[in-house]
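Enquirer: Take this structure, written in structure tokens, and hold onto it; I'll ask about it next.
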């Protein structure tokens, strides 16, 4: 990364999140090899990180131009020719509401729009760094894959690639990750402040050694294929459409997708699983009437196979695991049976009405409603993602997605499920999901509706898309 940004003999390297000083140490080594001086500047708000940088070998002179300020809102004189960073990966829920508002204002000023509220701090580091980049300057950021897989990613990268030249994207096989054991899928973005180009180089490091990548960067960029590194020149439009973190594919706009055959919703968010998700024994002890109890799967690990049956639920009940959703409706408090009122009182005394999600509901105890989906999708976990046939009529919590085929005929549901279970379909999940460490992926509801379905499987099964039945009420009669 340092070699890339200093390729044009820039005399200043800027790191917006210096941390333990890894990039500065690399820059010093490169400067010594080339017999030149490189000024090092940057930001770091954590004194402990700078202490570690000193322990790693950086001197007071090396660190004299480091500002102890928040880079995202810091001002710097002039533009910067070389910026390199491993920005802090702070998820949105760890940022205060006021700080997120300021971040959105920064993005709106730059781009004319703000990223989705779930964008992490690293996105704003990238935006501000691009703003500070000098003409013909180079930038190299290593960031998680959600930078180009999140809800806001298509619009963000369309904005970036219309104003800057995306020169290279470096991805890593799980066994070659620079952060082994960390649950993230890192990607290096190499960007230049120059006229946009219609293509870019896409790399995949296959083995846990950086020599091949370093050698590739030090030479003029070119396509290559070896045991250590695969590099292809890739059409920018295809890359943006497919996803910069994903393998190249031929653009096939007419390929059928799941959304033509089914709708997808997330599972129920209770806002307090410890209160609303109960075992059969707990429900009996609390004397809660059956009308307020719904058979529920709330943990991915409770479903070991690709089917949920009544036997599955019976075995879970026998083991004492939660299998019931306590689901009050919005009736006035005094119209509930006495046992329900007692339990709701216990929840109120425990502060449940003030929990973030429950505080948005009126009344706080009104549970979300879902019709039992014929199919479920296990979208995140160490095990292989899979589609599950829901033969027990359970409703899932947020550990699973609800898949509602556009026909309620059993034969249609069965045929669609078999297509979804096919290895070719499962492999396509990587084209629509967010990737994490060790090959784990997460697929959001709208993204799952874009899942490509192999045409030959649809033809073999004679499955056709149908109009949504007006009787197919996904939320149930009470919503």
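The values are calculated or read from the model by the stated rules, or taken from the named source; none is laboratory data. Bear in mind that the values here come from a model prediction, so they are computed numbers and not experimental data. All Cβ positions, glycine included, derive from the backbone under ideal geometry; neighbour counts span all protein chains shown.
Enquirer: Taking residue 216 and the conditions (1) within 30 Å of residue 336 (Cβ to Cβ); (2) out of contact with any strand residue (DSSP E or B) (no Cβ under 6 Å at 6 or more places or on another chain); (3) surrounded by 15 or more Cβ atoms within 10 Å (Cβ to Cβ), which numbered condition does it fall short on, given that it satisfies the others?
Expert: (1)
Enquirer: Let me ask something additional. Consider residue 30 carefully, then state whether it is over 30 Å from residue 116 (Cβ atoms), assigned by TED's automatic domain parsing to the domain that holds residue 179 and touching a strand residue (DSSP E or B) at 6+ places or on another chain (Cβ under 8 Å).
Expert: So residue 30 fails the test.
Enquirer: I would also like to ask the following. Can you tell me how many residues in region 171-195 are more than 17 Å from the chain's Cα centre (by Cα) and farther than 22 Å from residue 124 by Cβ?
Expert: Adding up the residues that qualify gives 9.
Enquirer: Which is assigned to a helix (DSSP H, G or I) and under 35 Å from the mean Cα position of the chain (by Cα), of 285, 315?
Expert: When all the criteria are applied, what remains is 315.
Enquirer: Additional query: Just to be sure, is residue 322 under 26 Å from residue 420 (Cα atoms) and under 30 Å from the mean Cα position of the chain (by Cα)?
Expert: no
Enquirer: Also, quick follow-up: Of everything in region 110-120, what is closer than 16 Å to residue 151 by Cβ and surrounded by fewer than 22 Cβ atoms within 10 Å (Cβ to Cβ)? Give them in sequence order.
Expert: First, the residues of region 110-120 that are closer than 16 Å to residue 151 by Cβ: 111, 113-120.
Hits for region 110-120 are 111, 113, 114, 116, 117, 118.
Enquirer: Now for a different question. How many residues does region 149-171 hold that are surrounded by 18 or more Cβ atoms within 10 Å (Cβ to Cβ), part of a loop (DSSP other than H, G, I, E, B) and in contact (Cβ under 8 Å) with a residue 60 or more places away in the chain?
Expert: Qualifying residue count for the region: 2.
Enquirer: Which of the residues that make up region 211-241 are within 16 Å of residue 191 (Cα to Cα), in a strand (DSSP E or B) and within 25 Å of the chain's Cα centre (by Cα)?
Expert: 234, 235
Enquirer: While we're looking at this one, here's another question. Which of the residues spanning region 227-245 are closer than 15 Å to residue 155 by Cα, without any contact (Cβ under 8 Å) to a residue 60 or more places away in the chain and crowded, with 18+ Cβ neighbours inside 10 Å?
Expert: Within region 227-245, the subset closer than 15 Å to residue 155 by Cα is 236-244.
Filter once more, keeping what is without any contact (Cβ under 8 Å) to a residue 60 or more places away in the chain: 237-238, 241.
The answer is none; no residue qualifies.
Enquirer: Is it fair to say residue 107 is buried (at least 17 other Cβ atoms within 10 Å of the Cβ), within 16 Å of residue 131 (Cβ to Cβ), modelled with pLDDT of 95 or more and assigned by TED's automatic domain parsing to the domain that holds residue 136? Give the steps one after another, and end with the answer.
Expert: Details: buried (at least 17 other Cβ atoms within 10 Å of the Cβ): yes; within 16 Å of residue 131 (Cβ to Cβ): yes; modelled with pLDDT of 95 or more: no; assigned by TED's automatic domain parsing to the domain that holds residue 136: yes.
So residue 107 does not fit the description; no.
Conditions tested, residue by residue: (1) over 30 Å from residue 424 (Cβ atoms); (2) in the same structural domain as residue 393 (by TED's automatic domain parsing); (3) surrounded by 15 or more Cβ atoms within 10 Å (Cβ to Cβ); (4) in contact (Cβ under 8 Å) with a residue 24 or more places away in the chain.
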{"residue": "225", "(1), (2), (3), (4)": "no, no, no, no"}
{"residue": "247", "(1), (2), (3), (4)": "no, no, no, yes"}
{"residue": "270", "(1), (2), (3), (4)": "yes, yes, yes, yes"}
{"residue": "288", "(1), (2), (3), (4)": "yes, yes, yes, yes"}
{"residue": "309", "(1), (2), (3), (4)": "no, yes, no, yes"}
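To keep it simple, each residue is scored yes or no on (1) over 30 Å from the mean Cα position of the chain (by Cα); (2) assigned to a loop (DSSP other than H, G, I, E, B); (3) within 25 Å of residue 186 (Cβ to Cβ).
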| residue | (1), (2), (3) |
| --- | --- |
| 3 | no, no, yes |
| 10 | yes, yes, yes |
| 19 | no, yes, yes |
| 23 | no, no, yes |
| 28 | yes, no, yes |
| 40 | yes, no, yes |
| 45 | no, yes, yes |
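Enquirer: Among the residues of region 172-203, which ones are part of a strand (DSSP E or B) and under 19 Å from residue 432 (Cβ atoms)?
Expert: 187, 202
Enquirer: To continue, here is another question. Can you name the condition, by its number, that residue 232 falls short on among (1) touching a strand residue (DSSP E or B) at 6+ places or on another chain (Cβ under 8 Å); (2) at pLDDT 95 or above?
Expert: Failed condition: (2).
Enquirer: To continue, here is another question. Exactly one of (1) surrounded by 13 or more Cβ atoms within 10 Å (Cβ to Cβ); (2) under 30 Å from residue 118 (Cβ atoms); (3) out of contact with any strand residue (DSSP E or B) (no Cβ under 8 Å at 6 or more places or on another chain) is unmet by residue 83. Its number?
Expert: For residue 83, the exception is condition (3).
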